[in-house]
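Have a look at this one before I ask anything.
No lab work stands behind these numbers, since they all come straight from the coordinates. Since we're looking at a predicted model, the values are computed, not measured. Positions of Cβ are generated from backbone atoms using ideal geometry, with glycine treated the same way; all protein chains shown enter the neighbour counts.
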Amino acid sequence: MTKLIAPSILAADFANLQRDIEMVNASEADWFHIDIMDGVFVPNISFGMPVLKAITKHAKKFVDVHLMIVDPDRYITEFARLGANNLTVHYEACTHLHRTLQAIKAEGMLAGVAINPHTNISLLEDVINDIDVVCLMSVNPGFGGQSFIENTYNKIKQLKALISKRNAKTLIEIDGGVTDKNAQALIATGADVLVAGSFVFSSADPVRTIQNLKSLTKNEF
């Protein structure tokens, strides 16, 4: 299966947002990764519905929306209306995760679940066949530019084993601290989607940086 690169728009230049969206459109990136933060579930506030609407107006690729908010169920229909293709909620924010996943799918979106660095993979066992994408947080959620947590490799292996055990088709997404230094190892360990924010948008040539990341995912292991 083709491995995917998803630039994180949280790291884009908000004063030139359309320019950066068009850059991703023109690049070898596969997805747009868009973080929605409420300042409650995580200690930061990002953008909300109006900015997402502006992004999806110009985005020509798959839109991967990552909700770092409390009570995400309230907004599922709205995010579908705004053009999200995949909607990821946090395990830690959902009291009735199975019901939330079914509600996301009922709106025609793929359903994702993100887990924080301290959350055990085994907690997903009963719902893994209902999850299209598991987003492993490889930094503590809330801020871009953090250092990669090395234990993520172990969690990828555990998650891959669970997916195989249950014969699921779930994709493994890695979010946080992804660079050209660890991309190849992450893919080799079992990752399917790499989210890269600061590494892409802080580079001198983001298009080339994305191209380089994409080339690393194509190597045979």
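If the limit is 19 Å between Cα atoms, which of 3/218; 3/181; 60/160 go over it?
Check vs 19 Å cut-off fails for 60/160.
Please give the length that would be gained between residue 78 and residue 166 if that part of the chain were fully extended, namely 0.36 nm times their separation in residues minus their C-alpha to C-alpha distance (nm, one decimal).
28.5 nm
Here's a follow-up. Among 58, 66, rank each residue by its count of other Cβ atoms within 10 Å, from fewest to most, as a rough exposure measure.
Fewest-to-most ranking of 58, 66: 58, 66.
Using modelled amide H (1.01 Å from N, peptide plane; none on Pro or chain starts), what sits under 5 Å from the amide H of residue 113, excluding residues fewer than 5 places away?
The list, which skips near neighbours in sequence, is 89, 133, 134, 135.
Taking H as built 1.01 Å from N, whose amide H comes closer than 5 Å to the amide H of residue 182, not counting residues under 5 places away?
Sorted by chain and number, the residues that satisfy this come to none at all.
Counting only helical runs of four or more DSSP H residues, what would the 222 nm mean residue ellipticity of the chain come to if each run contributes -39,500 (n - 2.57) and the total is spread over all its residues?
-9500 deg cm²/dmol
List, in order, the whole-Hz ³J(HN,Hα) value for each residue of the range 92-105 obtained from phi through the Karplus relation with A = 6.51, B = -1.76, C = 1.60 and θ = phi - 60°; use x for Gly and Pro.
Values, residue by residue: 6, 9, 10, 6, 10, 4, 4, 5, 4, 4, 5, 5, 5, 5 Hz.
Which net charge results when you count Lys and Arg as +1 and Asp and Glu as -1 among the other residues whose beta-carbon is under 10 Å from that of residue 98?
-1
Further question on the same structure: In the chain, what % of DSSP beta bridges are antiparallel (nearest 5)?
Within the chain, antiparallel bridges account for around 5 percent of the total.
Let me know the charge dipole size of the range 1-136 about its Cα centre in debye, to the nearest 20, where only the beta-carbon of Lys, Arg (+1) and Asp, Glu (-1) is charged.
That gives the range 1-136 a dipole magnitude of about 400 debye.
For the chain, what is the relative contact order in percent, using Cα pairs closer than 8 Å and at least 6 residues apart in sequence?
Averaging sequence separation for qualifying contacts and normalising by length gives 22 percent for the chain.
Among 13, 64, 30, determine the one that fluctuates most according to a GNM of the chain built with springs between C-alpha atoms less than 10 Å apart.
Most flexible of the set in this elastic network: 13.
Counting other Cβ atoms within 10 Å, which trypsin sites (Lys or Arg not before Pro) in the range 118-174 have at most 15 and lie in a DSSP loop?
When the trypsin sites (Lys or Arg not before Pro) of the range 118-174 are filtered for loop state and at most 15 Cβ neighbours within 10 Å, 166, 169 remain.
While we're here: Which GluC sites (Glu not before Pro) from the range 71-119 combine a DSSP loop assignment with at most 13 other Cβ atoms within 10 Å?
Passing sites in the range 71-119 do not exist.
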